[in-house]
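Notes to accompany the following structure.
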Amino acid sequence: MIFAVLTLLGPLVAFLINGLLGRKYIKNLAPIVAIAGVSVSFLCALVIFYLVSTQGFSVDGTLYTWVIAGDLSVPFGILIDPLSSIMLIVVTTISLMVHIYSIGYMHGDPGFWRFFTYLSVFTLSMLVLVLGNNFLMLFVGWELVGLSSYLLIGFWFHKKSAADACKKAFVMNRVGDFGFYVGLLLVVVTFKSVNYSDAFNAEAIHHIKEAGFVVFGMKLSLIDLMTFGLFCGAMGKSAQFPLHTWLPDAMEGPTPVSALIHAATMVTAGVYMVARCNALFSEAMMTSSFVIFAGAMTAFLGATIGLTQYDLKRILAYSTVSQLGYMIMATGVGAYVAAIFHLFTHAMFKGLLFLCSGSVMHAMHDDLDVRNMGGLKKKMPITHWTYLIGCIAIAGIPPLAGFWSKDEILAMTFAGGHNIAWLVGTGVAGMTAFYMFRSYFLVFQGTPRNQYLHDHAHESPWTMAGQLVFLAFLSIFVGMIFGYPLENGYIHTFLGPVLTPAHAGEAHHMSHATATILMLLSIGVAAAGIFVSYLFYVKMYPALPEKTVKTFKPIHKFFYNKWYFDELYDFIFVHPIVTISNMLWRGFDVNVIDFIVNAFGKVPMWFGGLVRHVQTGRIQTYVFTMVIGLIVLVTIFYTV
Amino acid sequence: MLTLAHYLVLSCIIFAIGMAGVLVRRNLIVMFMSLELMLNAVNINLAAFSNYLQSMTGQIYIVFVMAVAAAEAAVGLALIITMFRNKQTINADEINTMRG
């Protein structure tokens with residue numbers, strides 16, 4: 001318990017110190033405070049992980065009662081179990097790496113201290129989200145990470161694109177969060193409590209299993225509705241189709257932020273939430289089908305768009321979208337362990353890839369167009385090697401991290417009988433390998449395409465490169481350490497007790513031969529992707545890509561323009577709302593509301609103008625009026 | 001033999017003269033003097049009734065009225081002087097800053 005509190009206190013204190021004193025007193029020393037704070041969290045997370053893994057340590061305790069409303073009482077409680085401890089490791093590790101990296105990356109920025117303040121807020125909120133033992137704390141953390149994401153995307157708010165992007169992210173998340181509220185309220189109403197321990201109680205769930213409503217002749221079970229609401233929140237936060245459009249735009253923020261929030265930690269909050277609520281989700285058949293659909297769709301969507309982009313960070317962003325699709329798909333088929341495992345490995349290699357892209361960006365003077373790069377291999381050896389490791393890891397080549405988790409998701413999907421989802425997943429794995437290596441070849445191999453930028457390129461300082469090396473090591477080894485042997489690795493014994501795969505129970509009864517074939521197939525697809533990418537972008541560059549684009553022009557255009565989702569939303573939502581608002585403003589507001597308000601002013605003015613002449617300012621008029629009045633009164637008094 | 005009626009008529013006449021003065025004259029000092037006249041008409045009235053009813057109350061009131069009149073004269077004249085200093089006039093018609 002003490003460690004959990006310390007984990008929270010580290011970033012909280014750092015945030016308070018930097019936030020209150022940063023502008024005037026701390027200034028360029030802000031990273032020291034922030035890093036000290038997150039280091040405390042990191043050490044505590046390690047201790048907690050050690051205790052949980054070796055001694056089966058677990059906590060579900062209340063610090064104090066936070067809300068009392070009627071018979072609902074909400075504790076400020078801490079939950080430590082294998083799931084939250086592994087999330088703690090992910091959050092604090094990546095956060096620490098990004099903090100250190102930012103010293104080099106954000107050096108000289110006028111908002112240096114502000115940046116670190118926001119980073120501390122983010123770390124704190126993410127830890128609250130992960131450590132809470134009830135839905136309300138989850139929700140508070142959920143909204144707080146949303147806020148810090150908003151602040152950090154819009155960190156360079158004087159850039160219009162950044163200001164727009166942070167607004168977009170916030171609004172899109174709000175759409176998902178509406179569903180989340182509904183789910184949350186249903187949980188409260190159903191279980192009369194917000195605590196996980198009450199809601200995930202097998203008996204309580206059994207009790208409400210049959211409950212439901214009939215809407216338009218369709219029977220909706222309560223649990224389906226509840227989980228669907230919660231999943232809407234996950235769709236917003238984890239950028240799932242159709243709410244994915246904010247994530248690529250979020251790349252307007254500083255690159256360390258993209259690595260920390262929009263690749264490794266915050267966007268995986270949805271996956272964490274679904275895994276946390278596995279007891280509910282595994283009972284909700286309809287929601288599960290939808291989750292699989294959304295996940296597979298997102299994976300496919302992200303991958304196809306990723307194939308065609310030229311902006312290095314956007315390629316990575318779409319790859320994140322696609323990988324999040326994988327995780328969500330895994331939770332849908334009931335492979336919660338695989339989902340969390342992929343979350344874990346993905347955090348390492350995607351964090352690495354983003355930090356590499358930041359390093360490249362630094363070298364290329366903030367130019368992110370891969371068409372202007374090329375041949376950076378010699379100039380930036382560390383970035384080159386670490387990026388290559390990240391690419392191999394995400395492509396799913398053993399024994400690097402991505403292989404273990406991705407293969408497991410695909411195997412579980414296949415074993416669960418979701419053949420279409422499996423097919424999509426495998427196809428996406430090939431595409432992932434292709435476009436990741438496309439970016440690698442275009443950036444680091446070949447000949448420089450912009451000599452000026454190339455001449456000025458340089459390797460990043462050690463505060464940045466050191467983190468790359470560290471994360472590269474993790475990307476190589478975490479998969480093996482946790483995932484070997486396949487589907488029975490350490491991660492399974494570790495997470496198994498909290499994440500029992502319910503309706504995918506048959507998954508384990510897959511024959512050994514099938515598993516091997518699937519594994520070889522996924523390696524084969526990845527290798528094929530890499531090979532094709534090599535053909536396209538090294539051997540026959542630029543002839544082959546150009547020819548391919550020409551041949552499949554409409555499809556390429558469709559993918560390049562992100563399936564026209566932004567335009568579609570503009571057309572369906574933004575444009576009508578702007579038009580109606582304009583009408584209301586110029587029509588209703590000016591002509592009706594303002595008219596009424598002005599009338600309220602004008603009537604007394606007109607009336608006042610009428611009687612103002614009575615006040616002449618001359619005493620004698622007043623006296624005369626008084627005398628007349630007196631006479632009249634006296635007359636009336638005596639005659640009546 | 002003077003009866004109560006004589007006093008009342010006198011008082012009425014003086015009061016009417018005072019009121020006419022206040023209403024008609026434009027000189028602030030004259031208006032002020034007319035005002036004093038009205039107060040004294042009231043005093044006559046009070047004295048007459050005091051005598052008629054054989055009660056001291058009326059005469060006590062006269063003392064009050066005279067005190068008030070004295071105070072009023074002090075304040076009023078001070079006001080008129082200030083007014084003259086500001087406006088270089090004591091014509092009531094020209095003092096109409098509060099005109100609506």
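The values are calculated or read from the model by the stated rules, or taken from the named source; none is laboratory data. From a predicted model like this one, the values you see are computed outputs, not experimental measurements. Because the Cβ atoms are built from the backbone with ideal geometry, glycine has one as well, and the counts that use them run over all protein chains shown. The accessibility values were calculated without ligands, DNA or RNA, using every heavy atom of the protein model including side chains. Shrake-Rupley method; radii C 1.70, N 1.55, O 1.52, S 1.80 Å.
Laid out as a table, the results:
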| item | result |
| --- | --- |
| Odd one out for A:Val257 among (1) assigned to a loop (DSSP other than H, G, I, E, B); (2) within 15 Å of the chain's Cα centre (by Cα); (3) crowded, with 18+ Cβ neighbours inside 10 Å | (1) |
| Number of positions in segment B:58-78 that are surrounded by 12 or more Cβ atoms within 10 Å (Cβ to Cβ), away from chain A (no Cβ under 14 Å) and within 27 Å of A:Thr621 (Cβ to Cβ) | 5 |
| The lone exception for B:Ser55 - which of (1) in a helix (DSSP H, G or I); (2) of a type in the set (Ser, Thr, Tyr); (3) under 22 Å from B:Leu10 (Cβ atoms); (4) more than 14 Å from chain A (Cβ to nearest Cβ) it fails | (1) |
| Test: residue in segment A:287-307 that is part of a loop (DSSP other than H, G, I, E, B) and either among the β-branched types (Val, Ile, Thr) or in contact with a helix residue (DSSP H, G or I) (Cβ under 6 Å, 6 or more places away or on another chain) (or both) | no |
| Enumeration of residues in segment A:277-303 that are β-branched (Val, Ile, Thr) and touching an Asp or Glu at 6+ places or on another chain (Cβ under 6 Å) | A:Thr287 |
| All positions within segment A:222-244 that are of a type in the set (S, T, N, Q) and either open to solvent by 10 Å² or more (accessible area, probe 1.4 Å) or assigned to a helix (DSSP H, G or I) (or both) | A:Thr227 |
| Which listed residue is open to solvent by 50 Å² or more (accessible area, probe 1.4 Å) and more than 14 Å from chain A (Cβ to nearest Cβ), from B:Ile81, B:Ile29 | B:Ile81 |
| Residue within segment A:369-384 that is within 22 Å of the chain's Cα centre (by Cα) and of a type in the set (A, V, I, L, M, F, W, C) present | no |
| Index of the failed condition, A:Tyr541 passing every other in (1) surrounded by 15 or more Cβ atoms within 10 Å (Cβ to Cβ); (2) of a type in the set (Phe, Trp, Tyr); (3) assigned to a helix (DSSP H, G or I); (4) at negative phi | (3) |
| Condition met for B:Leu39 (in a helix (DSSP H, G or I), out of contact with any Ser or Thr (no Cβ under 9 Å at 6 or more places or on another chain), more than 14 Å from chain A (Cβ to nearest Cβ) and among the aliphatic types (A, V, I, L, M)) | yes |
| Selection count where residues are in contact (Cβ under 8 Å) with a residue 60 or more places away in the chain and either basic (Lys, Arg) or not in a helix (DSSP H, G or I) (or both), scope segment A:110-121 | 1 |
| Every residue from segment A:457-473 that is open to solvent by 40 Å² or more (accessible area, probe 1.4 Å) and more than 15 Å from A:Leu376 (Cα to Cα) | A:Pro461, A:Trp462, A:Thr463, A:Val469, A:Phe470, A:Phe473 |
| Every residue from segment A:118-142 that is among the hydroxyl-bearing types (Ser, Thr, Tyr) and open to solvent by less than 10 Å² (accessible area, probe 1.4 Å) | A:Ser120, A:Thr123, A:Ser125 |
| Scan of segment A:370-403 for residues that are outside any helix (DSSP H, G or I) and in contact (Cβ under 8 Å) with a residue 24 or more places away in the chain, ordered by number | A:Met373, A:Gly374, A:Gly375, A:Leu376, A:Lys377, A:Lys379, A:Met380, A:Gly396, A:Ile397, A:Pro398, A:Pro399, A:Leu400 |
| Residue in segment A:270-284 that is touching a residue at least 60 places away in the same chain (Cβ under 8 Å), in a helix (DSSP H, G or I) and farther than 23 Å from A:Tyr181 by Cβ present | no |
| Residue within segment A:447-456 that is open to solvent by less than 40 Å² (accessible area, probe 1.4 Å) and farther than 23 Å from A:Ala317 by Cα present | yes |
| Extreme residue, farthest from the other protein chains (Cβ to nearest Cβ), among residues of segment B:15-26 that are surrounded by fewer than 18 Cβ atoms within 10 Å (Cβ to Cβ) and in a helix (DSSP H, G or I) | B:Ile17 |
| Residues of segment A:376-400 that turn out to be of a type in the set (Gly, Ala, Ser) and touching a His at 6+ places or on another chain (Cβ under 8 Å), as a count | 0 |
| Residue check for A:Arg586: of a type in the set (Lys, Arg), modelled with pLDDT under 90 and within 30 Å of B:Gly21 (Cα to Cα) | no |
| Filtered residue count, segment A:21-53, keeping only those that are over 21 Å from A:Ser95 (Cβ atoms) and at pLDDT 85 or above | 1 |
| Candidate set: segment A:519-538, residues that are of a type in the set (Phe, Trp, Tyr) and open to solvent by 70 Å² or more (accessible area, probe 1.4 Å); chosen: the one nearest to A:Val424 (Cα to Cα) | A:Phe531 |
| Count of residues meeting criterion [crowded, with 19+ Cβ neighbours inside 10 Å and aromatic (Phe, Trp, Tyr)] in segment A:37-54 | 2 |
| Condition met for B:Ile95 (within 14 Å of another protein chain (Cβ to nearest Cβ) and in contact (Cβ under 8 Å) with a residue 12 or more places away in the chain) | yes |
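Results for (1) farther than 26 Å from A:Val274 by Cβ; (2) among the hydroxyl-bearing types (Ser, Thr, Tyr); (3) modelled with pLDDT of 80 or more; (4) in contact with a Pro (Cβ under 7 Å, 6 or more places away or on another chain), shown as yes or no for each residue.
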site: A:Val469; (1), (2), (3), (4): yes, no, yes, no
site: A:Phe494; (1), (2), (3), (4): no, no, yes, yes
site: A:His509; (1), (2), (3), (4): no, no, no, no
site: A:Ile517; (1), (2), (3), (4): yes, no, yes, no
site: A:Leu520; (1), (2), (3), (4): yes, no, yes, no
site: A:Gly524; (1), (2), (3), (4): yes, no, yes, no
site: A:Val538; (1), (2), (3), (4): yes, no, yes, no
site: A:Pro545; (1), (2), (3), (4): yes, no, no, no
site: A:Pro554; (1), (2), (3), (4): yes, no, yes, no
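The rows are residues; the columns are (1) part of a helix (DSSP H, G or I); (2) open to solvent by 50 Å² or more (accessible area, probe 1.4 Å).
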position	(1), (2)
A:Ile153	yes, no
A:His158	no, yes
A:Ala162	yes, no
A:Asn173	yes, no
A:Phe180	yes, no
A:Ser193	no, no
A:Asp198	yes, yes
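Residue by residue, here is whether (1) hydrophobic (A, V, I, L, M, F, W, C); (2) in contact with a Gly (Cβ under 9 Å, 6 or more places away or on another chain); (3) modelled with pLDDT under 85 holds:
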{"site": "A:Gly229", "(1), (2), (3)": "no, yes, no"}
{"site": "A:Cys232", "(1), (2), (3)": "yes, yes, no"}
{"site": "A:Leu243", "(1), (2), (3)": "yes, yes, no"}
{"site": "A:Trp246", "(1), (2), (3)": "yes, yes, no"}
{"site": "A:Gly253", "(1), (2), (3)": "no, yes, yes"}
{"site": "A:Val271", "(1), (2), (3)": "yes, no, no"}
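For every residue, the table says whether it meets (1) at pLDDT below 85; (2) within 18 Å of A:Ile530 (Cβ to Cβ); (3) open to solvent by less than 40 Å² (accessible area, probe 1.4 Å).
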site: A:Lys379; (1), (2), (3): yes, no, no
site: A:Ile392; (1), (2), (3): no, yes, no
site: A:Pro399; (1), (2), (3): yes, yes, no
site: A:Gly417; (1), (2), (3): yes, no, no
